[in-house]
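The values are calculated or read from the model by the stated rules, or taken from the named source; none is laboratory data. Note that this is a predicted model, so its numbers are computed, not measured. Don't worry about glycine lacking a Cβ; one is built from the backbone with ideal geometry, like all the others, and counts go over all protein chains shown.
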(Lines give C-alpha, C1' and ligand atoms only; values in the text may rest on other atoms or scores of the structure.)
Protein backbone atom coordinates (compact mmCIF):
# COMPACT_ATOMS: atom_id res chain seq x y z
CA UNK A 1 0.00 0.00 0.00
CA UNK A 2 1.61 3.25 -1.11
CA UNK A 3 -1.02 5.53 0.43
CA UNK A 4 -2.47 6.76 -2.88
CA UNK A 5 -6.27 6.80 -3.24
CA UNK A 6 -7.63 3.56 -4.62
CA UNK A 7 -10.49 3.31 -7.10
CA UNK A 8 -13.71 4.07 -5.30
CA UNK A 9 -15.35 0.83 -4.21
CA UNK A 10 -18.83 0.10 -2.90
CA UNK A 11 -18.35 -3.27 -1.21
CA UNK A 12 -15.68 -3.54 1.52
CA UNK A 13 -15.20 -6.76 3.48
CA UNK A 14 -14.01 -6.31 7.05
CA UNK A 15 -12.68 -8.93 9.45
CA UNK A 16 -15.67 -9.75 11.66
CA UNK A 17 -16.35 -12.98 13.54
CA UNK A 18 -15.54 -16.00 11.37
CA UNK A 19 -17.35 -14.88 8.21
CA UNK A 20 -16.49 -11.23 7.78
CA UNK A 21 -18.80 -8.28 7.22
CA UNK A 22 -19.39 -6.36 4.01
CA UNK A 23 -19.92 -2.60 4.25
CA UNK A 24 -21.16 -0.77 1.16
CA UNK A 25 -20.28 2.91 0.80
CA UNK A 26 -21.67 5.41 -1.73
CA UNK A 27 -19.69 6.27 -4.85
CA UNK A 28 -18.88 9.76 -3.58
CA UNK A 29 -16.59 8.38 -0.87
CA UNK A 30 -12.88 8.35 -1.70
CA UNK A 31 -11.87 5.04 -0.15
CA UNK A 32 -8.27 4.32 0.91
CA UNK A 33 -7.94 0.63 1.82
CA UNK A 34 -5.08 0.05 4.27
CA UNK A 35 -3.69 -3.48 4.31
CA UNK A 36 -0.49 -5.15 5.43
CA UNK A 37 2.43 -4.74 3.08
CA UNK A 38 2.51 -7.52 0.48
CA UNK A 39 4.16 -10.78 1.50
CA UNK A 40 4.02 -14.39 0.32
CA UNK A 41 3.05 -17.33 2.57
CA UNK A 42 5.67 -20.01 3.09
CA UNK A 43 5.65 -22.76 0.46
CA UNK A 44 6.45 -25.47 3.02
CA UNK A 45 5.23 -24.34 6.48
CA UNK A 46 5.92 -27.70 8.16
CA UNK A 47 9.44 -27.77 6.75
CA UNK A 48 10.04 -24.19 7.87
CA UNK A 49 8.98 -25.08 11.43
CA UNK A 50 11.30 -28.09 11.43
CA UNK A 51 14.22 -25.94 10.24
CA UNK A 52 13.46 -23.33 12.92
CA UNK A 53 13.85 -26.01 15.60
CA UNK A 54 16.96 -27.50 14.04
CA UNK A 55 18.77 -24.22 13.23
CA UNK A 56 17.78 -21.74 15.95
CA UNK A 57 19.17 -18.30 16.78
CA UNK A 58 21.49 -17.90 19.75
CA UNK A 59 21.08 -21.35 21.26
CA UNK A 60 21.43 -25.06 20.53
CA UNK A 61 18.87 -26.92 18.37
CA UNK A 62 15.79 -27.79 20.39
CA UNK A 63 16.75 -31.49 20.48
CA UNK A 64 20.07 -30.63 22.13
CA UNK A 65 18.57 -27.84 24.25
CA UNK A 66 16.13 -30.34 25.78
CA UNK A 67 18.45 -33.35 26.06
CA UNK A 68 18.56 -34.81 29.54
CA UNK A 69 15.62 -32.72 30.75
CA UNK A 70 13.16 -34.37 33.10
CA UNK A 71 10.05 -32.26 32.53
CA UNK A 72 9.10 -29.87 29.76
CA UNK A 73 6.60 -27.02 29.83
CA UNK A 74 5.43 -25.51 26.54
CA UNK A 75 3.68 -22.15 26.76
CA UNK A 76 0.96 -21.39 24.22
CA UNK A 77 -1.21 -18.29 23.85
CA UNK A 78 -4.88 -18.32 24.82
CA UNK A 79 -7.90 -18.19 22.50
CA UNK A 80 -7.35 -14.49 21.67
CA UNK A 81 -4.28 -15.19 19.49
CA UNK A 82 -4.46 -17.12 16.17
CA UNK A 83 -1.17 -18.98 16.62
CA UNK A 84 -0.68 -21.90 14.17
CA UNK A 85 -0.11 -24.40 16.98
CA UNK A 86 -1.27 -27.27 14.78
CA UNK A 87 1.99 -26.81 12.89
CA UNK A 88 4.23 -26.02 15.86
CA UNK A 89 3.30 -28.51 18.58
CA UNK A 90 3.68 -31.82 16.69
CA UNK A 91 7.17 -30.75 15.59
CA UNK A 92 8.12 -29.62 19.09
CA UNK A 93 6.94 -32.91 20.63
CA UNK A 94 8.95 -34.92 18.08
CA UNK A 95 12.11 -33.02 19.03
CA UNK A 96 11.41 -33.51 22.73
CA UNK A 97 10.90 -37.24 22.19
CA UNK A 98 14.24 -37.45 20.37
CA UNK A 99 15.84 -35.58 23.28
CA UNK A 100 14.56 -38.14 25.77
CA UNK A 101 11.57 -36.19 27.05
CA UNK A 102 8.49 -38.39 26.50
CA UNK A 103 4.96 -37.04 26.13
CA UNK A 104 3.97 -37.97 29.70
CA UNK A 105 6.56 -35.45 30.96
CA UNK A 106 5.28 -32.60 28.81
CA UNK A 107 2.75 -29.98 29.90
CA UNK A 108 1.22 -27.53 27.47
CA UNK A 109 0.39 -24.47 29.58
CA UNK A 110 -2.09 -21.93 28.22
CA UNK A 111 -0.82 -18.42 29.00
CA UNK A 112 -4.11 -16.80 29.97
CA UNK A 113 -2.76 -13.85 31.94
CA UNK A 114 -5.86 -12.43 33.62
CA UNK A 115 -8.17 -13.64 30.84
CA UNK A 116 -10.66 -16.36 31.69
CA UNK A 117 -9.55 -20.02 31.49
CA UNK A 118 -9.99 -21.82 28.18
CA UNK A 119 -12.87 -24.29 27.97
CA UNK A 120 -12.22 -27.87 26.86
CA UNK A 121 -13.48 -27.02 23.38
CA UNK A 122 -11.18 -23.98 23.27
CA UNK A 123 -8.23 -26.08 24.46
CA UNK A 124 -8.70 -28.34 21.45
CA UNK A 125 -8.89 -25.31 19.16
CA UNK A 126 -5.78 -23.73 20.69
CA UNK A 127 -3.69 -26.93 20.41
CA UNK A 128 -4.88 -27.42 16.84
CA UNK A 129 -3.92 -31.10 16.59
CA UNK A 130 -6.03 -33.94 17.99
CA UNK A 131 -3.09 -36.32 18.37
CA UNK A 132 -1.22 -33.77 20.47
CA UNK A 133 -4.31 -32.90 22.50
CA UNK A 134 -4.87 -36.55 23.34
CA UNK A 135 -1.28 -37.30 24.30
CA UNK A 136 -0.12 -34.53 26.66
CA UNK A 137 -1.50 -32.52 29.56
CA UNK A 138 -3.09 -29.23 28.45
CA UNK A 139 -3.68 -26.91 31.39
CA UNK A 140 -4.73 -23.32 32.06
CA UNK A 141 -2.71 -20.74 33.93
CA UNK A 142 -4.63 -19.25 36.90
CA UNK A 143 -3.31 -15.81 37.85
CA UNK A 144 -5.21 -15.68 41.14
CA UNK A 145 -3.85 -18.95 42.58
CA UNK A 146 -0.98 -17.71 44.77
CA UNK A 147 0.34 -21.18 45.64
CA UNK A 148 0.68 -22.04 41.93
CA UNK A 149 3.36 -19.34 41.49
CA UNK A 150 7.03 -18.95 42.44
CA UNK A 151 8.34 -15.65 43.79
CA UNK A 152 11.54 -14.69 41.97
CA UNK A 153 12.17 -11.30 43.57
CA UNK A 154 11.52 -7.73 42.44
CA UNK A 155 12.60 -5.79 39.37
CA UNK A 156 14.53 -2.53 39.59
CA UNK A 157 11.21 -0.69 39.23
CA UNK A 158 9.81 -2.64 42.17
CA UNK A 159 7.55 -5.09 40.33
CA UNK A 160 7.03 -8.27 42.40
CA UNK A 161 7.76 -11.20 40.08
CA UNK A 162 5.59 -14.28 40.64
CA UNK A 163 5.37 -16.79 37.79
CA UNK A 164 3.61 -20.13 37.29
CA UNK A 165 5.73 -22.81 38.98
CA UNK A 166 4.91 -25.38 36.27
CA UNK A 167 7.01 -23.31 33.89
CA UNK A 168 9.66 -21.98 36.27
CA UNK A 169 10.43 -25.39 37.76
CA UNK A 170 10.44 -27.31 34.46
CA UNK A 171 13.85 -28.45 33.24
CA UNK A 172 12.91 -27.59 29.64
CA UNK A 173 11.06 -24.32 29.02
CA UNK A 174 9.58 -23.57 25.60
CA UNK A 175 7.63 -20.43 24.62
CA UNK A 176 5.53 -20.28 21.45
CA UNK A 177 3.70 -17.26 20.12
CA UNK A 178 2.52 -14.91 17.40
CA UNK A 179 4.41 -11.72 16.64
CA UNK A 180 1.91 -8.96 15.94
CA UNK A 181 1.59 -5.29 16.89
CA UNK A 182 0.46 -4.74 20.47
CA UNK A 183 -0.92 -1.41 21.61
CA UNK A 184 0.92 -1.41 24.94
CA UNK A 185 3.93 -3.74 24.64
CA UNK A 186 4.92 -2.72 21.11
CA UNK A 187 4.77 -6.27 19.77
CA UNK A 188 3.32 -9.47 21.18
CA UNK A 189 5.08 -12.81 21.56
CA UNK A 190 8.30 -13.83 23.29
CA UNK A 191 8.61 -12.15 26.67
CA UNK A 192 4.92 -11.17 26.66
CA UNK A 193 3.80 -14.82 26.65
CA UNK A 194 5.69 -15.17 29.94
CA UNK A 195 4.63 -11.85 31.47
CA UNK A 196 1.71 -11.30 31.74
CA UNK A 197 0.92 -14.70 30.17
CA UNK A 198 1.80 -16.87 33.18
CA UNK A 199 2.28 -14.17 35.81
CA UNK A 200 0.45 -13.80 39.11
CA UNK A 201 -2.25 -11.19 39.43
CA UNK A 202 0.00 -8.93 41.53
CA UNK A 203 2.71 -8.93 38.84
CA UNK A 204 0.20 -8.20 36.09
CA UNK A 205 -1.35 -5.30 37.99
CA UNK A 206 2.07 -3.80 38.67
CA UNK A 207 3.15 -3.72 35.03
CA UNK A 208 -0.22 -2.37 33.88
CA UNK A 209 -0.33 0.59 36.26
CA UNK A 210 -0.60 4.14 34.88
CA UNK A 211 3.14 4.56 35.45
CA UNK A 212 3.60 2.18 32.52
CA UNK A 213 0.43 2.78 30.52
CA UNK A 214 0.69 6.58 30.38
CA UNK A 215 4.27 6.50 29.12
CA UNK A 216 4.38 7.80 25.52
CA UNK A 217 6.55 4.85 24.43
CA UNK A 218 4.06 2.22 25.71
CA UNK A 219 2.52 2.06 22.27
CA UNK A 220 2.05 -0.05 19.15
CA UNK A 221 5.24 -1.14 17.38
CA UNK A 222 7.52 0.65 19.89
CA UNK A 223 10.14 -1.42 21.74
CA UNK A 224 13.01 1.02 22.25
CA UNK A 225 12.28 2.98 25.41
CA UNK A 226 9.00 1.15 26.06
CA UNK A 227 8.93 0.62 29.86
CA UNK A 228 6.59 -2.37 29.63
CA UNK A 229 8.88 -4.13 27.16
CA UNK A 230 11.93 -3.34 29.31
CA UNK A 231 10.22 -4.73 32.41
CA UNK A 232 9.29 -7.92 30.59
CA UNK A 233 12.89 -8.40 29.47
CA UNK A 234 14.16 -7.94 33.03
CA UNK A 235 11.72 -10.59 34.24
CA UNK A 236 13.01 -13.02 31.60
CA UNK A 237 16.52 -12.68 33.01
CA UNK A 238 15.24 -13.89 36.38
CA UNK A 239 14.05 -17.25 35.02
CA UNK A 240 16.83 -19.00 33.12
CA UNK A 241 17.20 -20.51 29.63
CA UNK A 242 14.11 -20.66 27.41
CA UNK A 243 13.64 -21.80 23.82
CA UNK A 244 11.20 -19.67 21.81
CA UNK A 245 9.29 -20.42 18.61
CA UNK A 246 7.95 -17.26 16.95
CA UNK A 247 5.48 -16.99 14.08
CA UNK A 248 4.17 -14.24 11.80
CA UNK A 249 0.99 -14.69 9.72
CA UNK A 250 -0.61 -12.76 6.88
CA UNK A 251 -4.15 -11.37 6.83
CA UNK A 252 -5.46 -14.81 5.81
CA UNK A 253 -3.70 -16.36 8.84
CA UNK A 254 -1.17 -18.18 6.64
CA UNK A 255 2.33 -18.62 8.01
CA UNK A 256 4.79 -16.18 6.43
CA UNK A 257 7.66 -16.43 8.91
CA UNK A 258 8.82 -18.73 11.68
CA UNK A 259 12.02 -18.93 13.68
CA UNK A 260 13.26 -20.42 16.93
CA UNK A 261 15.98 -20.00 19.50
CA UNK A 262 16.97 -17.73 22.38
CA UNK A 263 13.81 -16.00 23.53
CA UNK A 264 15.23 -12.48 23.21
CA UNK A 265 17.35 -12.81 20.07
CA UNK A 266 14.79 -14.79 18.09
CA UNK A 267 12.02 -12.39 19.09
CA UNK A 268 14.07 -9.45 17.81
CA UNK A 269 14.43 -11.07 14.39
CA UNK A 270 10.73 -11.99 14.24
CA UNK A 271 9.73 -8.45 15.19
CA UNK A 272 11.84 -7.06 12.35
CA UNK A 273 9.91 -9.28 9.92
CA UNK A 274 6.52 -8.41 11.42
CA UNK A 275 7.39 -4.71 11.33
CA UNK A 276 8.07 -4.84 7.58
CA UNK A 277 4.59 -6.25 7.03
CA UNK A 278 2.37 -4.62 9.65
CA UNK A 279 3.52 -0.99 9.76
CA UNK A 280 2.05 1.03 6.89
CA UNK A 281 3.06 4.63 6.25
CA UNK A 282 0.40 6.92 4.72
CA UNK A 283 0.78 10.47 3.39
CA UNK A 284 -2.15 11.95 5.33
CA UNK A 285 -4.57 11.63 8.22
CA UNK A 286 -8.34 11.16 7.93
CA UNK A 287 -11.43 12.56 9.59
CA UNK A 288 -13.13 9.17 9.07
CA UNK A 289 -11.63 5.72 9.69
CA UNK A 290 -13.59 2.49 9.21
CA UNK A 291 -11.91 -0.47 10.91
CA UNK A 292 -12.51 -3.79 12.65
CA UNK A 293 -11.53 -5.56 15.85
CA UNK A 294 -9.63 -8.17 13.83
CA UNK A 295 -12.31 -10.84 13.54
CA UNK A 296 -12.35 -14.17 15.38
CA UNK A 297 -10.90 -14.90 17.87
CA UNK A 298 -9.97 -11.33 18.85
CA UNK A 299 -13.42 -9.79 18.47
CA UNK A 300 -15.21 -12.13 20.90
CA UNK A 301 -15.37 -9.36 23.54
CA UNK A 302 -15.64 -5.60 23.77
CA UNK A 303 -12.54 -5.70 26.00
CA UNK A 304 -10.40 -6.83 23.04
CA UNK A 305 -12.25 -4.51 20.64
CA UNK A 306 -10.55 -1.51 22.27
CA UNK A 307 -7.32 -2.52 20.48
CA UNK A 308 -8.86 -1.73 17.09
CA UNK A 309 -9.88 1.73 18.28
CA UNK A 310 -6.46 2.61 19.68
CA UNK A 311 -4.39 1.38 16.73
CA UNK A 312 -6.44 3.51 14.30
CA UNK A 313 -5.48 6.72 16.13
CA UNK A 314 -2.24 7.02 14.18
CA UNK A 315 -4.16 8.24 11.11
CA UNK A 316 -7.14 9.94 12.76
CA UNK A 317 -7.42 13.70 12.64
CA UNK A 318 -8.08 15.21 16.10
CA UNK A 319 -11.83 15.25 16.60
CA UNK A 320 -12.38 12.72 13.81
CA UNK A 321 -14.45 9.56 14.02
CA UNK A 322 -13.51 5.88 14.14
CA UNK A 323 -16.24 3.47 13.03
CA UNK A 324 -15.40 -0.05 14.21
CA UNK A 325 -17.14 -3.41 13.74
CA UNK A 326 -16.84 -6.24 16.26
CA UNK A 327 -18.97 -9.34 16.77
CA UNK A 328 -18.62 -9.27 20.60
CA UNK A 329 -20.12 -12.76 20.73
CA UNK A 330 -19.17 -13.05 24.43
CA UNK A 331 -20.31 -9.56 25.35
CA UNK A 332 -18.28 -7.07 27.37
CA UNK A 333 -15.56 -9.28 28.83
CA UNK A 334 -14.76 -9.67 32.52
CA UNK A 335 -16.74 -8.26 35.44
CA UNK A 336 -13.65 -6.21 36.34
CA UNK A 337 -13.62 -4.59 32.90
CA UNK A 338 -17.32 -3.79 33.23
CA UNK A 339 -16.65 -2.12 36.58
CA UNK A 340 -13.92 0.03 35.01
CA UNK A 341 -16.27 0.96 32.17
CA UNK A 342 -18.89 2.08 34.67
CA UNK A 343 -16.29 4.34 36.27
CA UNK A 344 -15.37 5.77 32.85
CA UNK A 345 -19.04 6.38 32.08
CA UNK A 346 -19.46 8.23 35.37
CA UNK A 347 -16.36 10.42 35.10
CA UNK A 348 -15.76 10.92 31.38
CA UNK A 349 -12.45 10.24 29.58
CA UNK A 350 -10.25 13.09 30.82
CA UNK A 351 -11.45 12.97 34.42
CA UNK A 352 -11.07 9.17 34.44
CA UNK A 353 -7.43 9.47 33.36
CA UNK A 354 -6.80 11.98 36.17
CA UNK A 355 -8.65 9.81 38.68
CA UNK A 356 -6.63 6.63 38.09
CA UNK A 357 -3.40 8.64 38.51
CA UNK A 358 -4.41 10.30 41.78
CA UNK A 359 -1.99 9.91 44.71
CA UNK A 360 -2.41 6.54 46.40
CA UNK A 361 -4.60 5.06 43.64
CA UNK A 362 -4.38 1.28 43.24
CA UNK A 363 -4.56 -0.36 39.82
CA UNK A 364 -7.60 -2.60 39.37
CA UNK A 365 -7.95 -5.61 37.09
CA UNK A 366 -8.59 -4.64 33.43
CA UNK A 367 -8.32 -0.94 34.27
CA UNK A 368 -5.64 -0.56 31.59
CA UNK A 369 -7.97 -1.42 28.71
CA UNK A 370 -10.40 1.23 29.88
CA UNK A 371 -7.46 3.61 30.29
CA UNK A 372 -6.51 3.09 26.63
CA UNK A 373 -10.13 3.62 25.60
CA UNK A 374 -10.20 6.88 27.53
CA UNK A 375 -7.08 7.99 25.66
CA UNK A 376 -8.81 7.22 22.35
CA UNK A 377 -11.98 9.08 23.35
CA UNK A 378 -9.87 12.07 24.33
CA UNK A 379 -8.63 12.18 20.73
CA UNK A 380 -11.81 11.61 18.75
CA UNK A 381 -15.21 9.98 18.50
CA UNK A 382 -15.88 6.23 18.25
CA UNK A 383 -18.94 4.52 16.75
CA UNK A 384 -19.29 0.79 17.37
CA UNK A 385 -21.24 -1.84 15.43
CA UNK A 386 -21.51 -4.83 17.79
CA UNK A 387 -24.74 -6.87 17.61
CA UNK A 388 -23.40 -9.27 20.24
CA UNK A 389 -23.76 -6.70 23.01
CA UNK A 390 -27.01 -6.89 24.94
CA UNK A 391 -29.26 -3.94 25.68
CA UNK A 392 -28.08 -3.77 29.30
CA UNK A 393 -24.44 -3.65 28.26
CA UNK A 394 -24.63 -0.69 25.89
CA UNK A 395 -25.23 1.62 28.84
CA UNK A 396 -21.61 1.07 29.91
CA UNK A 397 -19.83 0.86 26.54
CA UNK A 398 -18.88 4.57 26.57
CA UNK A 399 -18.85 4.88 22.76
CA UNK A 400 -21.61 5.61 20.25
CA UNK A 401 -23.85 2.72 19.27
CA UNK A 402 -24.19 2.22 15.56
CA UNK A 403 -26.64 -0.11 13.82
CA UNK A 404 -25.22 0.43 10.31
CA UNK A 405 -21.48 1.09 9.79
CA UNK A 406 -22.09 2.69 6.39
CA UNK A 407 -24.50 5.22 7.88
CA UNK A 408 -21.99 6.12 10.62
CA UNK A 409 -19.27 6.59 8.00
CA UNK A 410 -21.44 8.89 5.92
CA UNK A 411 -22.45 10.92 8.99
CA UNK A 412 -18.75 11.52 9.66
CA UNK A 413 -18.09 12.42 6.01
CA UNK A 414 -20.93 14.95 6.03
CA UNK A 415 -19.89 16.46 9.36
CA UNK A 416 -16.25 16.87 8.31
CA UNK A 417 -16.86 17.80 4.68
CA UNK A 418 -14.04 15.38 3.79
CA UNK A 419 -15.01 12.49 1.45
CA UNK A 420 -11.75 10.59 2.08
CA UNK A 421 -12.27 7.47 4.21
CA UNK A 422 -9.52 5.14 5.45
CA UNK A 423 -10.63 1.51 5.68
CA UNK A 424 -8.57 -1.01 7.71
CA UNK A 425 -10.19 -4.43 7.10
CA UNK A 426 -7.88 -6.34 9.48
CA UNK A 427 -8.15 -3.82 12.31
CA UNK A 428 -5.42 -3.91 14.99
CA UNK A 429 -3.20 -6.30 13.04
CA UNK A 430 -2.26 -3.37 10.78
CA UNK A 431 -0.63 -0.23 12.18
CA UNK A 432 -1.11 2.80 9.90
CA UNK A 433 0.94 5.92 10.54
CA UNK A 434 1.75 9.15 8.77
CA UNK A 435 5.48 9.05 9.61
CA UNK A 436 8.16 6.57 10.62
CA UNK A 437 8.59 5.81 14.30
CA UNK A 438 11.65 7.33 15.93
CA UNK A 439 13.73 4.57 17.50
CA UNK A 440 10.83 2.15 17.43
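Based on what the data block shows, is residue 40 surrounded by fewer than 14 Cβ atoms within 10 Å (Cβ to Cβ), assigned to a loop (DSSP other than H, G, I, E, B) and either in contact with a helix residue (DSSP H, G or I) (Cβ under 7 Å, 6 or more places away or on another chain) or in the same structural domain as residue 298 (by TED's automatic domain parsing) (or both)? Answer is no for this residue. Looking only at residues in the stretch 420-439 that are surrounded by fewer than 19 Cβ atoms within 10 Å (Cβ to Cβ) and either touching a helix residue (DSSP H, G or I) at 6+ places or on another chain (Cβ under 7 Å) or at pLDDT below 95 (or both), the one that is nearest to residue 310 (Cα to Cα) is 433.
Within the stretch 197-210, does at least one residue satisfy the condition of being touching a residue at least 60 places away in the same chain (Cβ under 8 Å), closer than 20 Å to residue 127 by Cα and assigned by TED's automatic domain parsing to the domain that holds residue 85? Yes, some residue in the stretch 197-210 is touching a residue at least 60 places away in the same chain (Cβ under 8 Å), closer than 20 Å to residue 127 by Cα and assigned by TED's automatic domain parsing to the domain that holds residue 85.
Looking at residue 321, is it closer than 23 Å to residue 184 by Cα and without any contact (Cβ under 8 Å) to a residue 12 or more places away in the chain?
Values: closer than 23 Å to residue 184 by Cα: yes; without any contact (Cβ under 8 Å) to a residue 12 or more places away in the chain: no.
Considered against the rule, which asks whether it is closer than 23 Å to residue 184 by Cα and without any contact (Cβ under 8 Å) to a residue 12 or more places away in the chain, residue 321 comes out as no.
Comparison of 104, 78 shows that the only residue that is surrounded by fewer than 18 Cβ atoms within 10 Å (Cβ to Cβ), touching a strand residue (DSSP E or B) at 6+ places or on another chain (Cβ under 9 Å) and assigned by TED's automatic domain parsing to the domain that holds residue 178 is 104.
The rows are residues; the columns are (1) touching a helix residue (DSSP H, G or I) at 6+ places or on another chain (Cβ under 9 Å); (2) at positive phi; (3) in a strand (DSSP E or B).
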site: 132; (1), (2), (3): yes, no, no
site: 138; (1), (2), (3): yes, no, yes
site: 144; (1), (2), (3): yes, no, no
site: 153; (1), (2), (3): no, yes, yes
site: 158; (1), (2), (3): yes, yes, no
site: 162; (1), (2), (3): yes, no, yes
site: 167; (1), (2), (3): yes, no, no
site: 184; (1), (2), (3): yes, no, no
site: 189; (1), (2), (3): yes, yes, no
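Taking the conditions (1) surrounded by fewer than 18 Cβ atoms within 10 Å (Cβ to Cβ); (2) touching a strand residue (DSSP E or B) at 6+ places or on another chain (Cβ under 9 Å); (3) in contact (Cβ under 8 Å) with a residue 40 or more places away in the chain in turn, residue 125 satisfies each one other than (2).
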